[in-house]
Amino acid sequence: MQRFHARSARARFIPHMLVPLVTLLLSVPLMASGPIEPVGSPKRPAPAWHALINATVIPAPGERIENATIVFRNGVITSIAPDAAPPQGATVHDCSGLLIAPAFIDAFVEVQTPDLAAAAQDRHWSVTVQPERSALLGPGLTEAQRKRLHADGFGVAHIVPRGAVFAGRSATVLTSESSEFHHPIPSVLPAPPFHTVTFTVSSWGERRFPGSKMGAIALIRQTLSDADWYRDAAWSDRQSDAVGEPVRRNASLEALADNGKLLFATDNVLDTLRSAKLAAESGRQAVYIGSGEEYKRLSAIADIDPTLIVPLRFPAMPEINTPGERNAVNLRDLMSWEQAPANLRRLNSAGVTAAITSSRIPNGQSFFENLRLAIACGLSEDDALAMLTTTPAQILALDHRIGRIAPGQLANMQVIEGDSLFAEDRKLRSLWIAGVEHRLDPADRYDFEAKWGGTLPIGDGVDVTLTIGPGNRIAVTQAPDEPAEDDGESKKPQTIPTSRVNIADNRLSFMLDLSAFDIHGRVFASAILEGDDLYARLELPDGGSLDWTARRLPPEEAAEDQEDKPQDKKPSTRERTLLARAADIPDELHLPFGPFGFDALPEQEHLILTNATIWTSGPDGILTDAEIEIRDGKIAYVGEARPAHDPGARVIHLEGRHITPGLIDCHSHTGISGGVNEGTFSSTAMVRIEDVIDPDAVNWYRQLAGGLTAASQLHGSANAIGGQNSVVKLRWGVAHPDQMRLEGAPPGIKFALGENVKQSNWGDTATTRYPQTRMGVETFIIDRFLAAQQYAAERADPNKNRRRDLELEALAEILDGRRLIHCHSYRQDEILMLCRVAERFGFTIGTFQHVLEGYKVAEHILQHSLGGSAFSDWWAYKFEVFDAIPENGAIMHDVGVIVSFNSDSDEMARRMNIEAAKAVKYGGIEPDEALKFVTLNPAIQLGIEHRVGSLEVGKDADIAVWSGNPLSTLSRCEMTIVDGRVLFSLEMDARLRTHADAERRRIIQKILALEDAPRGETSADEDAEAEYDGADSIEEPDLRSGAQIDFAHMRIGGCSHGCDSCSEPLPIHLLEIEYIWMLNNGIDPRRTRPGQCGCGEGAAFIYSY
C-alpha cells in the first residue's frame, strides 16, 4: 500500500488530482479533428458559418425580437439583430414563420458508469463510496437518451453517475455525438464537476452497509469528515496517525478533498431537508435533485434557501373506476395527484431557485405534456423557459456560454414552427447544437408538402413551381409568359409531366419529361432537402447534368372573396383535460400534507382548564375540583379551582373530566424513514434516528388522539450496538422534522441482547456476522468499549492526529456518562452481563427495554440503571421470553426500580393509559403510581423529567384531557395539548374529518369529470356496473337481515386477467361457500366484479335478476 509523509505530500497529491483532468481531456475530441479527405477529392465545405434570417427570436426569458438575424460561426454566436442583412459567405437559412429559442439544458441526467475495482488498497473500504470515478468513464448518453433529449429540445446535459452513495463526478456535455463531422466545439464543456451523493442502500439479501437510510446518511457524514481530515493531514506538518503510522494514500478521500460542490439526488422532500443538513454540517455548497413534491413542505424548503433541480414527476391518476377503488384510495394520494403540477409555480413564488430536469418522469407521461400542465397551473412561460435555460446554466457555472441567444454564447437553439414555445401543437423542426443542425425524426422533420419555386437551368432559364402534396404526389408547372400589353388574356401554367416519385428521409427523386424544351428522353431528378431549400440535380439523357435549387414558397393568401372572419380554434380534448385538471387547485396547503393537517400550527393559548380531576404524577398526587392554567406553553398554575380568572384567558369547564400529564412512550418506532434497523454491522453506533424523523407519519396523530405527547424513537434490535435514539414531542404540524425533537433531551443509544443479535431466527444463510452466540455478544461489547477508551485518549492527545470516528465517538460518550444506553433485553443472565460490563467501565445504564425477566434480577437493575421499560403483559411469543410474567413491572417497582411500560408498536402507543392500568390489574399498584408508568417514570428514564412527565408549575404544558378515569377502558382522550397548543380535540378531529371527506369527494369528482383521462378503456363489466348503479328502482334485500339468495341464479362473470381457466362454471356448493364467506365478511355478492374478489385470478360472480 502506497504511503506518503507531509514533506512529500504536495508532490504526490497534485499529480494524483490531475488524473481525472487528464482522463477528461483524453475523452474530449480535438477541435480540429475530423475525417481525412481522400487525396485529389473535392474539398467538402465545413458548414461552420450560418445566418438564420427573418425569424422571431426569444433570446432569453422575457425577451423577444421580431424579424431577427442570428449569425454564428464555428459554433459560437457572433451577432443577433433585427432586420439585419446576413454576411456574405454565410450559409443563409430563411426562418420566416419560425420561432427560435435557446436550446434547453438538462442539469440532471443519470448515466451508467463502470464500478471501480473492489477492495483496492488505495480506495475507500466501502464499495458504495466511489467519488474518484467520473461520468466520463462510461459510455455517457445512450442513443435512446440522446433521441429523447433532442426531441424535447435539449442541447446540453449534465450527466451524473448512478449506483452508489458517493457515485462519482459529474460532467456537462453536448447532447450531440462527439464524433459528428466537423463539429466545431468539444462535446465536454468546461464546467466544474459535482460530487454526486445519493441515499442508496443495499437490499436485504445483500446485507451490505448501508442497509437503511440512516445508515446511508451516517456513511455520508463520516466520509465527508474523513475527506476533511485527510486534506488537512496531507497539507499539515503532522506525518502520522494515532498509532504512529504514516497517513496512507486514499484515492477516494483525495477526490473528495477538493471541497467541490455536492449534488444530492433525493427521492422525497424530507430527504432534501436531510441532505441540506449534511451539506451544512460539512460546510460544503450543494445542489439538490428535487422530488417534485416540495409543495408538501414548502416553508421548510424555502427556509433552507436551496438550489433545486426538479423533475416533472407527477403522480399517476388514482384508480377510482369501481366503488371499492373509490373507498380505498388514500386522500394523500388524491391530493398529491392534484397538487403536484403546481409545485414549480409554488417554488417560484416562494423565491426558491429551481431548474427543470426531464429525468425521472414516470412511464406513460411525457415531458412536454407535464410541462404544459405545470404552466396551466400558474407557472409563467418566461419562468418555465428560465428554469430550462438560464437557471441551469447558472447552476452549472456556464451561464457565460449557454442558456441564451447572444454573442459569445454557443449556438444552441431550437427552431420551432409557429409562434409559441410551449403550444400543444409545438413542432420542433430542428435543433442547433454548437452550430450544427440536428433534424428530428424523419417522420416529422422532413416536410416536403409545400410549393417550391426555382429556375431550371435550361436556355435562358425556366421558372417552375414544384407542388408536393400528400401521398408523394408531385406537379411541376412552368410559369406562363407575361401577356402582351394589348393582349388582355393571361396564359395558364404549363404542366411538366412527372413520374416515379420517391421520398425517403430528406431525399426526393422523380422523373421529368422535358421534351417541350428540346430535351428528349427521360430526365432523372434527385434532390436533398436542407431547411427550406431543395438542392437538386438533373441527369440528362446524353449523360450530362444540371444543378438547380428550389426554395419553399410561403402559403398562398386566402381567396379575395372569402369572408375574413376570425376563426376561434377550439381546444382539443386533451387540452380541455389539461385545463380542467389545472383548475380550482386550492392555494392553501396543510401541514402535514394530507388528512388531519393544519393550515397553520395552533397558537400557544392562554388556557384555564377548570373543575376537573387532575392526576399530577407529582408531589400533589390527585387533585379533585381543580384547575390548571397554561401560559406561553408552560404550566402557570395547578391547584384548587379558583372563583375568578384572567379575562384574557380561554376558560374550559371540564366537570366530570380528568386531566393527566401527556403520556410518554419510552420505546417507539413510529415516524422513522427508510428502515428501523441498520443491522449490517454488529455496531452501528454512528447512525442516528434523528436523521430520519418522519413528521408525516399519520400514527403521530393517532397517538395524539390517545393522549401521547412524547416518545423515544429507538433503533431496532438487529445488532448488539445499534443506532442513536431520538426523543421527540408529538408536534403534529411542524414545518421541519427537527422541530419535533425535544430540546435538551440527553442523547441515548440502542443496545440489544439475545436471539435477534445473534441472528437465531434469520435463516440458515445468516451465519457469517460476528457474534453468533450470547458469550460472543458480551465479548464484542467489551471490545468496542476498549476501542472507545483508546480512541478518546488519542483524540485528547494534541500530538496525535486522530481521525474523527463517529462510531467510537458515540461509545466514548457512554463511558463519559454523556449518552444513555437503552438495551433490548429479555433473559436474566444477559441483563446481569450488561450490569457487570457497566460496572467494569463505570457508567450507568439508561434503561433495560422489555426486560421480561427483570423481576429475577431487580436489585441489579436498581443498582446499575435508571430503570426498566417493560412490556406490560407480553409473553410466550418466542422461546427466550417463556419466563415472562405480567407481574414483572409490579415486582420491579416494589424493589424500587423506576418502571415504565412501553409500546414498541404504532398501534399500542394509541392506548398507553390502558397499558398503565395493567399494573393495577396484575400487580396491585396504586392507580396514581400506575399512571406514572407512562408519564413521570419514562421521563426520568429519558432524562427529561425537568420538562415533562408531571403537572407542576414551570414545566411544559403537555396535557391530556380524559372523559373519565384515565385507567378505565371506558374513557377516551378528548383533548391533547403539547407545548400549550391544542393539537387534538374531539371537536377539532370532527372538523378535520369533515374537511377530509369533502376533499376526497371533490377530487374524485374532479377526476371523474376529466375528458380523455388516461385510465384505459372501459370494460363491458364496468359498463354493466354503471348501468346497475343507475338502476334505483331495483329493490335490494337487506343481506344483514338474513335474506336468502337464490344461488341457482348466479352466473360466472370472468377473470380480470381474461384467462380461460376462469370461464368454467363452478359447482353450486363452491358458489355457496364463496357467498357465505362474502356475507360473513360484510361483502354484498351482487356488487363484486372481476378482479375484486382478492384472489387475483379466480372467477368473480355477478347476480342476475
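FYI, it's all coordinate maths here, none of it is from the lab. Quantities reported herein were computed from a predicted structural model and do not represent experimental measurements. Here the Cβ is made from the backbone with ideal geometry for all residues, glycine too, and neighbour counts use every protein chain on show.
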Q. How are the C-alpha pair distances of the range 663-948 spread across 10 Å bins, as whole percents from the shortest bin up?
A. 7, 30, 36, 22, 5, 1, 0
**Q.** Proxy reagent accessibility, fewest Cβ within 10 Å first, across CYS666, CYS377
**A.** CYS377, CYS666
Q) Across the range 912-929, in residue order, what do the Karplus-derived ³J(HN,Hα) couplings come to in whole Hz, using 6.51 cos²θ - 1.76 cosθ + 1.60 with θ = phi - 60° and x for Gly and Pro? A) 5, 5, 6, 4, 4, 4, 5, 5, 6, 5, 8, x, x, 6, 4, x, 5, 6
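Any chance you could run the full-extension gain for ASP115 through LEU986? It's 0.36 nm times the residue separation minus the Cα-Cα distance, nm to one decimal. Present the calculation step by step, with values, prior to reporting the outcome.
Details: separation 871, 0.36 × 871 = 313.56 nm, distance 5.66 nm.
Going from the current span to full extension adds 307.9 nm.
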Q) If you line up the Cα atoms of the range 759-879 on their principal axes, what length do they span on each, largest first, in Å? A) 55, 39, 19
Q: Pull out the extension gain between PHE524 and MET775, defined as 0.36 nm times the separation in residues minus the alpha carbon to alpha carbon distance; nm, one decimal.
A: 81.0 nm
Q | Residues with amide H under 5 Å from that of SER985, placed H, sequence gap 5 or more | A | THR976
Q) Between ASP894 and LYS878, what is the spin-label point distance in nm, taking each point 7 Å from the Cα along the Cα→C-beta axis? A) 3.0 nm
Q) For ASN799 and SER545 in the same chain, what is the full-extension length gain: residue separation times 0.36 nm, less their Cα-Cα distance, in nm? A) 82.5 nm
Q. Between ARG500 and ALA423, what is the FRET efficiency for a Förster distance of 45 Å, r being their Cβ-Cβ separation, to the nearest 0.05?
A. 0.75
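Using 1/(1 + (r/R0)^6) with R0 = 60 angstrom and r between the beta carbons of LEU601 and LEU815, what's the FRET efficiency to the nearest 0.05?
Working: r = 40 Å, r/R0 = 0.67.
About 0.90, to the nearest 0.05.
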Q: Would you kindly derive the ³J(HN,Hα) couplings of the range 153-169 from the backbone phi angles with the Karplus curve 6.51 cos²θ - 1.76 cosθ + 1.60 (θ = phi - 60°), listing them in order in whole Hz, with x for Gly and Pro?
A: x, 8, x, 9, 10, 9, 8, 10, x, 10, x, 7, 5, 9, 7, x, 7
Q) If you wrap a convex hull around the Cα atoms of the range 230-373, how much volume per residue is inside, in Å³? A) 163 Å³
Q. Given a Förster radius of 35 Å and the C-beta distance between LEU862 and ASP783 as r, what FRET efficiency does 1/(1 + (r/R0)^6) yield to the nearest 0.05?
A. 0.80
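Hey, any idea what Rg/Rh is for the range 683-778, computing Rh the Kirkwood way over Cα pairs?
Working: Rg = 16.3 Å, Rh = 15.0 Å.
Rg/Rh: 1.09.
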**Q.** Distance (nanometres) between label positions extended 7 Å along Cα→Cβ at ASP83 and VAL953
**A.** 8.6 nm
Q.
Quick query: amide H of VAL462 versus all other amide H atoms, modeled in the peptide plane; which residues come in under 5 Å with a sequence gap of 5 or more or a different chain?
A. LEU456
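Can you tell me the alpha carbon radius of gyration of the range 603-652 divided by the globular rule-of-thumb value 2.2 N^0.38 Å? Don't skip to the answer; put the middle values down first.
Details: Rg = 10.7 Å, N = 50, 2.2 N^0.38 = 9.7 Å.
So the Cα radius of gyration is 1.10 times the expected 2.2 N^0.38 Å.
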Q: Rank these for me by crowding, LEU262, LEU708, going from fewest to most other beta carbons within 10 Å.
A: LEU262, LEU708
Q: Could you check what % of the DSSP bridge pairs in the range 663-948 are antiparallel, to the nearest 5?
A: 25 percent
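Where the convex hull is taken over the Cα atoms of the range 922-1008, what is its projected area averaged over directions, in nm²?
Details: hull surface 35.7 nm².
Approximately 8.9 nm², given one-decimal rounding.
For the range 508-662, just run the numbers: alpha carbon Rg, then divide by 2.2 N^0.38 Å, N being how many residues it has. Write out the running numbers ahead of the final one.
Details: Rg = 44.3 Å, N = 155, 2.2 N^0.38 = 15.0 Å.
Ratio of Rg to 2.2 N^0.38 Å for the range 508-662: 2.97.
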Q | Amide H partners (placed H, <5 Å) of VAL76, local residues excluded | A | ALA411
**Q.** Links that overshoot a 29 Å alpha carbon limit, given the list LYS750/LYS878; LYS213/LYS758; LYS634/LYS921; LYS750/LYS918
**A.** LYS634/LYS921
Q | Calculated P(r) of the range 575-629 - Cα pairs past 14 Å, % | A | 73 percent
